[in-house]
Amino acid sequence: MSLNVKSVTVGLPVSNLEAAASWYGKLLMSDEKITPVEGIIEYQIGSVWIQLFEEKMNVSENALRLEVEDLDTEFERLKTLGVIVDEVIADVANILRYVDFSDPDGNKLSFYWLYTQESI
């Protein structure tokens with residue numbers, strides 16, 4: 001029997017909570033944010049909660065990777081938002097395509113799309 005997980009919360013440290021909330025609101029295309037307690041802002045996307053909290057920044061090797069339905073559309077949207085400039089879509093043949101980028105605090109993020117049997 002495996003653990004029955006209903007949702008996942010990913011905490012990301014940021015140097016300025018309000019500036020980060022504005023940036024993530026645009027990235028996630030959501031104005032729906034909640035503040036469960038002072039100093040925390042959360043966005044729900046599907047069964048995942050992105051939790052922002054203010055903390056003295058240290059460079060992290062952690063990464064938040066989100067599967068998207070249309071990577072090419074999201075790639076163009078990231079360019080329009082100024083989130084990416086020189087980044088390119090990487091392709092791991094017949095497995096996945098992805099683009100890596102960072103938030104203004106250096107948190108590593110990635111959008112990816114998985115190949116299916118129909119797309120190979």
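The values are calculated or read from the model by the stated rules, or taken from the named source; none is laboratory data. Quantities reported herein were computed from a predicted structural model and do not represent experimental measurements. When we count neighbours, we look across all protein chains shown, and the Cβ atoms used for this are built from the backbone with ideal geometry, even at glycine. Heads up: the accessible areas ignore ligands, DNA and RNA and are worked out on the full protein's heavy atoms, side chains in. Shrake-Rupley method; radii C 1.70, N 1.55, O 1.52, S 1.80 Å.
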Selection count, segment 17-68, where residues are farther than 26 Å from Leu96 by Cβ, of a type in the set (A, V, I, L, M, F, W, C) and assigned to a strand (DSSP E or B): 5
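Results for (1) within 20 Å of Ala19 (Cβ to Cβ); (2) touching a Lys or Arg at 6+ places or on another chain (Cβ under 8 Å), shown as yes or no for each residue.
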{"position": "Gly39", "(1), (2)": "yes, no"}
{"position": "Tyr43", "(1), (2)": "yes, yes"}
{"position": "Gln51", "(1), (2)": "yes, no"}
{"position": "Met57", "(1), (2)": "yes, no"}
{"position": "Leu64", "(1), (2)": "yes, yes"}
{"position": "Val68", "(1), (2)": "no, no"}
{"position": "Asp72", "(1), (2)": "no, no"}
{"position": "Glu87", "(1), (2)": "no, no"}
{"position": "Asn94", "(1), (2)": "no, no"}
Unique match (being under 15 Å from the mean Cα position of the chain (by Cα) and among the polar types (S, T, N, Q)) among Asn94, Asn107, Asn16, Asn4: Asn107
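Would you tally the residues in segment 33-82 being of a type outside the set (Val, Ile, Thr), closer than 23 Å to Tyr112 by Cβ and open to solvent by 70 Å² or more (accessible area, probe 1.4 Å)? Give the derivation first.
So in segment 33-82, the residues of a type outside the set (Val, Ile, Thr) come out as 33, 36, 38-39, 42-44, 46-47, 49, 51-58, 60-67, 69-72, 74-79, 81-82.
Okay, now just the ones that are also closer than 23 Å to Tyr112 by Cβ, so 42-44, 46-47, 49, 51-52, 60-67, 69-72, 74-79, 81-82.
With the extra rule that they be open to solvent by 70 Å² or more (accessible area, probe 1.4 Å), the set shrinks to 44, 61-62, 65, 67, 69-70, 72, 76, 79, 81.
Residues meeting the conditions: 11.
Of a type in the set (Gly, Ala, Ser) and at pLDDT 95 or above: is that true of Ala63 in this structure?
Details: of a type in the set (Gly, Ala, Ser): yes; at pLDDT 95 or above: no.
For Ala63, the condition - of a type in the set (Gly, Ala, Ser) and at pLDDT 95 or above - is not met.
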Set Val92, Val5: member being of a type in the set (A, V, I, L, M, F, W, C), without any contact (Cβ under 8 Å) to a residue 40 or more places away in the chain and open to solvent by 70 Å² or more (accessible area, probe 1.4 Å): Val5
